[in-house]
Amino acid sequence: MEVRSIYKYARISPFKVREVTREIQGLPVSAALDVLAFTPKKAAFLIGKTLKSAVANAENNANLKVDGLVVKEAVVGEGPTLKRIMARARGSASGILKRTSHIRIVLTDEIPIQNRETRKAEKKQAERAAKKAAGAGGSESKEPKPSAKKQPAKKAAKKSKK
């Protein structure tokens, strides 16, 4: 089941937030919270708030266990831009764009949590299967290697003239 949380009108540029959201996609919730806790950026605090809200939604509204949740997607969209003016020399002015963003985090319990041990076990199983396939296929058919193709007579003649 999927659970989501949205933080709208966050006063930070979407470009800055996307840098942090890329780091937590696909991670289990506990690992994502650890990553955000040790990331020294304003965006990490805002994403952490949104992630905690999504976890609370999963616990209270969907009756899911936090241990099995994975960050399925963390998407950042552009919100409205506040346009401001800054005074410049000789009575002129220049524009300032104060960007906002909408942060959406989707959690799911359908994706299996992968940690170091499970990845190693899967890798070993794949290697064993490959060895079995290679052992069975290699012993049955031992054909001699095909010899190099002979060059056509015209090319052989040209090479001998040089």
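The values are calculated or read from the model by the stated rules, or taken from the named source; none is laboratory data. On a predicted model such as this, the values are computed, not experimentally measured, just so you know. Backbone-built Cβ (ideal geometry, glycine too); neighbour counts: all protein chains shown.
With respect to the stated conditions, Glu110 fails to be assigned to a helix (DSSP H, G or I) and either modelled with pLDDT of 95 or more or out of contact with any helix residue (DSSP H, G or I) (no Cβ under 6 Å at 6 or more places or on another chain) (or both).
Being of a type in the set (Gly, Ala, Ser) and under 21 Å from the mean Cα position of the chain (by Cα) is the requirement here; does Ala87 meet it?
no
A Cβ distance below 8 Å, combined with a sequence gap of six or more or placement on separate chains, defines the contacts here; from segment 123-150, residues that are surrounded by 10 or more Cβ atoms within 10 Å (Cβ to Cβ) and aliphatic (A, V, I, L, M) reach no residue that is modelled with pLDDT under 60 and part of a loop (DSSP other than H, G, I, E, B).
Could you identify the single residue in Ala37, Ala32 that is without any contact (Cβ under 8 Å) to a residue 24 or more places away in the chain and over 20 Å from Lys8 (Cβ atoms)?
On the way: Ala32 fails: without any contact (Cβ under 8 Å) to a residue 24 or more places away in the chain.
Matching residue, one of Ala37, Ala32: Ala37.
Taking the criterion of being in contact with a Leu (Cβ under 6 Å, 6 or more places away or on another chain), surrounded by 13 or more Cβ atoms within 10 Å (Cβ to Cβ) and not β-branched (Val, Ile, Thr), the residues of segment 96-120 that qualify are Leu107, Asp109. Every residue in segment 6-48 that is part of a loop (DSSP other than H, G, I, E, B) and among the polar types (S, T, N, Q), please. The answer is Ser13, Gln25, Thr39. Being farther than 29 Å from Arg119 by Cβ and more than 22 Å from the chain's Cα centre (by Cα) holds for only one residue in Gly95, Gly77, and it is Gly95. Pairing each residue of segment 94-121 that is at negative phi with any residue that is in a helix (DSSP H, G or I) and at pLDDT 90 or above, provided the two are 6+ apart or on different chains, yields C-beta distances under 6 Å for Ser101/Pro14; Ser101/Val17; Ile103/Thr50; Ile105/Thr50; Ile105/Leu51; Ile105/Ala54; Leu107/Ala54; Leu107/Ala58. What number of residues within segment 1-52 satisfy the criterion of being of a type in the set (Lys, Arg) and in contact with a strand residue (DSSP E or B) (Cβ under 7 Å, 6 or more places away or on another chain)? Total satisfying the criteria: 4.
Taken as a whole, the condition of being out of contact with any Ser or Thr (no Cβ under 6 Å at 6 or more places or on another chain) and of a type in the set (Val, Ile, Thr) applies to Val55. Looking at Leu51, is it touching a residue at least 12 places away in the same chain (Cβ under 8 Å), over 17 Å from Ile111 (Cβ atoms), touching a helix residue (DSSP H, G or I) at 6+ places or on another chain (Cβ under 8 Å) and assigned to a helix (DSSP H, G or I)? So Leu51 does not fit the description; no.
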